[in-house]
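Since the structure comes first, as structure tokens, the remarks are kept for the end.
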Amino acid sequence: MAIWAVVESVYHSFKQHGYQPIPKPKDNNFDIITTQQTELFLDVYKVMGQFSALKLMEMTHTEEPFLSVDFREVIPHMILRKYFIQFIKKDE
């Protein structure tokens, strides 16, 4: 994953919104999203939805995966996995 270029097309699609919320699209097709994916999105939104785009950017730019590579360098999958796996709850 590149620091930002991996989703460069998404960035260019939404950059006109700046740090403002992105409006809900009118032509949604949520039929392709599984129940498990929907639950994941809602869980992430419950935690991260309180933050502005600017705050989210600032947060990610201070985390280990971003800091471990040079600007615009690809962040190896294993670095991302090692960092984010610590946030997954294990079934007890």
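Only residues in region 59-76 that are under 17 Å from residue 8 (Cα atoms) and basic (Lys, Arg) count as the first member; pair them with residues that are open to solvent by less than 60 Å² (accessible area, probe 1.4 Å) and part of a loop (DSSP other than H, G, I, E, B), Cβ under 8 angstrom, at least 6 apart or cross-chain, and list the lot. These pairs meet every condition: 72/3. Of everything in region 38-92, what is under 17 Å from residue 21 (Cβ atoms) and either open to solvent by 100 Å² or more (accessible area, probe 1.4 Å) or not in a helix (DSSP H, G or I) (or both)? Give them in sequence order. The answer is 41, 45, 46, 49, 50, 51, 52. Applying the condition of being within 26 Å of residue 75 (Cβ to Cβ) and outside any loop (DSSP other than H, G, I, E, B) to region 17-37 and asking which residue is least open to solvent (accessible area, probe 1.4 Å) yields 17.
The values are calculated or read from the model by the stated rules, or taken from the named source; none is laboratory data. These numbers were taken from a predicted model, which means no experiment stands behind them. No Cβ is skipped: glycine too gets one built from the backbone with ideal geometry, and neighbour counts run over all protein chains shown. Keep in mind that these areas ignore ligands, DNA and RNA; they rest on the heavy atoms of the full protein, side chains included. Shrake-Rupley method; radii C 1.70, N 1.55, O 1.52, S 1.80 Å.
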